[in-house]
Structure formats: C-alpha cells, structure tokens
Amino acid sequence: MIPMTVRRPSLSPLLTRLRDRSPGLAASLLGGAVAAGLGLASLAVLVMVLWVSSPYPDSGPGGALHVAAALWLLAHGVELDRTDTLSGAPLPVGVTPLLLLALPVWLLYRAARDAVDAPTDSDGPPPVPARTAWTGVVLGYLGVGVPAALYCAGAELRPVWPWVTACLPLVAAGAAAAGVWTAYGCPREPLLSAAAVLPGPTRRLVSGPDTRRRLGTAVRAAGAATTVLLGGGALLLGVSLVWHGGAAQASFLQLTEGWTGRFAVLLLGIALIPNAAVWAASYALGPGFVLGAGHVVHPLASDPAPLLPPFPLLAAVPGPGAGTPVNWAAGLVPVAAGVTAGWFVARAAVGRPKPGEAASARWSAARTAGVVLLTAAVCAVVCAVLAELAGGPLGVAALARFGPVWWQTGGAAGLWTAVLAMPVALVVRAWRLWGPRTRAGEVPAQDTGARRKTRAATTDSAPASTGNGRERDPARGRAAETTASAGPGAVEDEDAYDVLPAGEPPTPDWHDDLARASRWAALRAAAAPSAPPTEPRPDPTDHMPATGKAPTELETEPPTGTETEPLTEPQPERRTEPQPERRTEPQTERLTEPLTEPWTGPPQEATREVTEEALEEAAEEAGKEPPTEAATAD
C-alpha cells in the first residue's frame, strides 16, 4: 500500500523552544563574559591612548595593559599594592574612583536583564529561570575577571588577593541580582525572604499587608535623601573649589608639564568627583573626613595634614583653624535631605483624593513613623557603603587613611534623617488629610459675606420640612452645595436658596399687614392727646361690622335699612357726654386685627368724606335738610 501523502512529524514543544532561542545558561555565561570584556576594553583603550600620546613613556604596551587591568580591578573595590617605591616596600592604594565603579555595575545589570530574555508577548517562549540567568552571568564575569587579576599579579600595581576574592564576586553577584530582579518585574518574595534575617524590631517595621508599598516608600525616600546629600556635597565642593581657585590651579600645573599628563590628571580628577562629593556630604553631616592619621576636617574645626600631595581636589579642603559661620552653613544640606525624606513618606502615607472626595490615610501615624525609621535605616546603610567606597589608604603611616569613616557617616545620616523626617512626615500627613476636608466643607452663606460649615451627610439625610410648609428635597440640597462650592463666579440656581433650615420660623416681612397695622396704631396713640377733648368726633367705623376690611373698601352706595338711621339722627347724649374709653378700646382691637389688603390713605380724612356723602344722600331721600356742620361732625 502506497501512502498518498507524506506527513512530516511535528517537533515536540521542548524541541521547538530550543530551536526558537539559544540555551539560557550558555547565553548567560556569554553575557557575563561580554560585560567583563567591555569594561576591560574601555579602560585599555583609554590607557593605550594616553600611553601613545605621552612624550616620555616609562614602559611598553605590556605595562600599559597591566595598568588598565589594575584600574579595572580597582574600580571593583579591590585594593592594590604599589611596588615601585623608593624604599622598595609596597604601598597600598585603596581609594576607589566611584565613577569607574559605575561602568562595571551598569554592564552587569544590562547583561543580567538580557540573559533573562523575558518575552514581550504572551505567545513567546517563557523567560530563563532566575537562578540560571544569575548563575550564568556571575560565572561568565568571573571567568574573565580572575584571569585579568592573574595577568597583573606580577606588575607594578598588583592586586591584593583577599580583596579580589571578596570584592569581585560581591560586585558581580549584586549587580546581576538587581538585573534579574527587575527583569522579572521586581517581585516582593525575594525581599520578604531577605527580611527574615533582620532583627525582630526591624522585621516588625517591615511585616504587614502592605509590605511592598512600605519597603518601596522607604527605598524611594532614602534614595531621595541620599541624592540631596550627594547633590549638596557636590555644591559644597564646587563652592570650595571656586573659593580656593588659585591653590587648585597651582597644584594642577605643578603635577606635570605636558598636555598629555595634564589630560590624565584631569581625567583622574573627574573620576574622583563623586568621591569628593561623598566627602563633602560627610563634612556637612558633622563627622567630616580624615586626611591621614590624626587629621580630621569637620565644620567645627579643621586640622588638615601639613604635607598633602599636590592635587586640585585636595586644594579645596578648608584651611586649618576653628569653624566659622560659613562652615556651619553646610548643615543646611542634611536639613534639606531630612525634609525631603519626610515629604516622600507623607506623600505615600495619604492616598490621592478623587475630585469631590476627602483624602484617606493609607497608614496610621504610628505606621508612618515606622516607615520614617525604616527610611533612616536604609539611608544610613547607603551612606555607610558610599563612605567606605569613597575612602581608603594611599600609603602607610600618615597616609594610611583618607576619606570619611563609614560607621560615623552612616550613623550621622540615619540620625539626621530620623530626627528631621519624623515631624515633617507627621505634619504633612495631617495637613494632607485635613486640608481637602476643610476646603470641601465650606459653602458661602446667602446674602452675607460669612461662610457656613456644612457636612456632606446633610445631603443624604431625610427630607426636612421648611418654614413655608414644603419639604426639603435632598437633590435640591446637593445642587445648592454644588453651586456654593463652585465659587462666587458660578451661576446660582434660583431654587437652591428657596429652602430654610428645618425648625427655624420665617422672619416676618417689614411690609406685611400685621406690622403695618401695628405701626398705624402706634401713630394714632401718639396723636390722640393733641386732639381737642371737648368735641370728640365719633368714629363712623363703630357702626360698621367687624369684617376685617379697610374703610377704602366701602361702597359709595348708601346703606339700606337700619344702617342709615343712626347716621342721620345722631343722639345728643353722645355729643354732650363723650366716652373716649368706649371709642378707643374697640378701635385698638380692630386696628390690631390682621388686614387682608394694605390701607394707603389717611384714616380720618377718608372716613369724613364717606360720612358726609352718605348723610347728604340719606337726607335727600328722607326729604329733610342736610345736617349742620356740628351734626355732621357728630
């Protein structure tokens, strides 16, 4: 039987993965070796250029390559021994240029990240295991570093092997671990496992549900404080160099006469600028630095060594003697660093509020204080490591120690950060919590310049009855608060101010009927004694029914029936014997009654006109003569 189709067997997933990319361990080894080779090649090219351009080379190309390998090891913190001395005794050289250290660290970090080979999409192959990538990069780096150390072991600058076995693997392992950790997205499990070796109080500061956030905040705050310290140290260094510009220029010209030598001195000075910035930061913190055994320089006093080697950076050291206010001004640098750390912690302790909502605290005051202490501890460790790397010996006897003392610098940095960052963090945290709530709770009062405090809970409460019998609408109350918080320039809703607080009676209007009647009664009472007592005029309103209507509402038609007789035939008893009490009491009672419509005219004149017309018409109908003046007045 002949098969009609020929099928090619499919590869297994493992074979497909191996075909799509190179093996992880081999790629990691190659990446570490390339990183070490690039660092060595960079320094070798620089040294060879200087050797070629030098008019007086002391050795051949082999000597220049030995110097390049020694500088590469010195950049990792390895201490070297100088053998070409007048006495023949080796002199140690342990000051590591921090700018040279940045080159191998960055190369290792990039090599580890590339060795992980993390895919950018979900369909790609899985990343290389962390242990495989880390192990391959470290072994590949050491595979080039150890032969380089063996190569320069018999040169004039030879490495000290205890330092080689300690510093070279430590730098390679630390930088590679940072690269692998960031390639995997900065997981917190390695940090938690590393926190298990910490003491109990420090572990309690770290442990909790939001451990990653607190650790990240402490690291960022410590990094910001350290950056401010180093930046302030660099500023102090620049000011001191300008202040001692003459001495720095003289020392620079004294070292060598050729342009090649001066260029080499300039490059060495640039490589040591980070070291000088750390020295200046330690000077601002208080402990200062040492210039040989027994010669300490700090803001309160300066005791520089009498015989310093001519170098531009050493010429910027303050002169001997007690400190002055200019030297004390360096204390502003750690103050700024502590305030910066406290602000970073307070910023992370309070969440960013949404528009229209109050800020919420992520951590309590005690937890915030714990993060500040953790920040101070991280800052102390970083400053101590930098101080140890920035200093070292440049010889024996008086030159046995140069630079800051690591434990003093680290302790001072931690103390300054804890003392200054603690109140700043707590005060800024309280301000960030209180400020938005206060601003969100203020609304302008109606018709006045005062401001009222309202709560957001008022808008969600049950409807309250107002003074005019209507119920308060919660939606309308929220609209009123929104209009009030929008500011004086916003357009106000006409219904937003149509609501009075529940339980408050409405204020009586100045123009209402009851107030007008009371005022007229007061005016009548004040004018009553001035009238002549012998001829009182009866008030025609006494015969009117108490209907609550004003005299202006009387019709011009004469009254019918019994209503006209009392007006046409007045009784003489009432004329001769007036009774003011009888007239005043019902008048006061009637005037105090609420009126339905306003009364615009004077009461006396209006009453008189109406009465005369009524009497004349009544007399004509009855066929009698009109009454006299006295009778009409009665």
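Residue pairs whose Cβ atoms lie under 7 Å apart, sitting 6 or more positions apart in sequence or on different chains, and linking a residue in region 24-52 that is more than 18 Å from VAL105 (Cα to Cα) and touching a residue at least 12 places away in the same chain (Cβ under 8 Å) to a partner that is open to solvent by less than 40 Å² (accessible area, probe 1.4 Å) and of a type in the set (S, T, N, Q), are LEU50/THR260.
Select from region 239-262 the residues that are aromatic (Phe, Trp, Tyr) and modelled with pLDDT under 90 and write down the one among them that is surrounded by the fewest Cβ atoms within 10 Å (Cβ to Cβ). So the residue we want is TRP259.
To keep it simple, each residue is scored yes or no on (1) surrounded by fewer than 20 Cβ atoms within 10 Å (Cβ to Cβ); (2) within 52 Å of the chain's Cα centre (by Cα).
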| site | (1), (2) |
| --- | --- |
| LEU25 | yes, yes |
| SER28 | no, yes |
| GLY32 | no, yes |
| GLY37 | yes, yes |
| LEU40 | no, yes |
| ALA44 | yes, yes |
| VAL52 | yes, no |
| PRO57 | yes, no |
| ALA68 | no, yes |
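Residues in region 250-274 that are more than 28 Å from TRP72 (Cβ to Cβ) and either in contact with a Leu (Cβ under 8 Å, 6 or more places away or on another chain) or touching a residue at least 60 places away in the same chain (Cβ under 8 Å) (or both): ALA250 alone. Among residues of region 331-356 being touching a helix residue (DSSP H, G or I) at 6+ places or on another chain (Cβ under 8 Å) and part of a loop (DSSP other than H, G, I, E, B), the one that is surrounded by the most Cβ atoms within 10 Å (Cβ to Cβ) is PRO353. On inspection, ALA366 passes the criterion of being without any contact (Cβ under 8 Å) to a residue 12 or more places away in the chain and either in a helix (DSSP H, G or I) or open to solvent by less than 40 Å² (accessible area, probe 1.4 Å) (or both).
Residues in region 405-438 that are of a type in the set (Val, Ile, Thr), out of contact with any Cys (no Cβ under 7 Å at 6 or more places or on another chain) and crowded, with 16+ Cβ neighbours inside 10 Å: VAL405, VAL424, VAL428. Among the residues of region 263-296, those identified as of a type in the set (A, V, I, L, M) and surrounded by 21 or more Cβ atoms within 10 Å (Cβ to Cβ) are LEU272, ALA276, ALA277, VAL278, ALA280, ALA281, ALA284, LEU285, VAL290, LEU291.
Screening ARG131 on (1) surrounded by fewer than 19 Cβ atoms within 10 Å (Cβ to Cβ); (2) among the basic types (Lys, Arg); (3) in contact (Cβ under 8 Å) with a residue 12 or more places away in the chain shows it passes everything except condition (3).
VAL326 passes every criterion in (1) outside any helix (DSSP H, G or I); (2) open to solvent by 60 Å² or more (accessible area, probe 1.4 Å); (3) among the β-branched types (Val, Ile, Thr) apart from (1). Scanning region 74-111 for residues that are in contact with a Phe, Trp or Tyr (Cβ under 7 Å, 6 or more places away or on another chain), crowded, with 22+ Cβ neighbours inside 10 Å and either at pLDDT below 95 or in a loop (DSSP other than H, G, I, E, B) (or both) yields one hit, VAL78.
Rundown of residues vs (1) under 19 Å from the mean Cα position of the chain (by Cα); (2) free of Cβ contacts under 8 Å to residues at least 40 places away in the same chain, yes/no style:
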position	(1), (2)
PRO355	yes, yes
VAL381	no, yes
LEU399	no, no
TRP407	no, yes
GLY414	no, yes
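Among the residues of region 377-404, those that are closer than 25 Å to ASP210 by Cβ and open to solvent by 10 Å² or more (accessible area, probe 1.4 Å) comprise ALA377, VAL378, ALA380, VAL381, VAL382. Residues in region 210-230 that are more than 23 Å from ALA361 (Cα to Cα) and open to solvent by 40 Å² or more (accessible area, probe 1.4 Å): THR227, VAL228, LEU230. Of the residues ALA264, ALA293, the single one that is of a type outside the set (S, T, N, Q) and in a helix (DSSP H, G or I) is ALA264.
The values are calculated or read from the model by the stated rules, or taken from the named source; none is laboratory data. Since we're looking at a predicted model, the values are computed, not measured. Quick reminder, even Gly has a Cβ in these numbers, built from the backbone with ideal geometry, and neighbours come from all protein chains shown. Heavy atoms of the whole protein, side chains included, go into the accessibility calculation; ligands, DNA and RNA do not. Shrake-Rupley method; radii C 1.70, N 1.55, O 1.52, S 1.80 Å.
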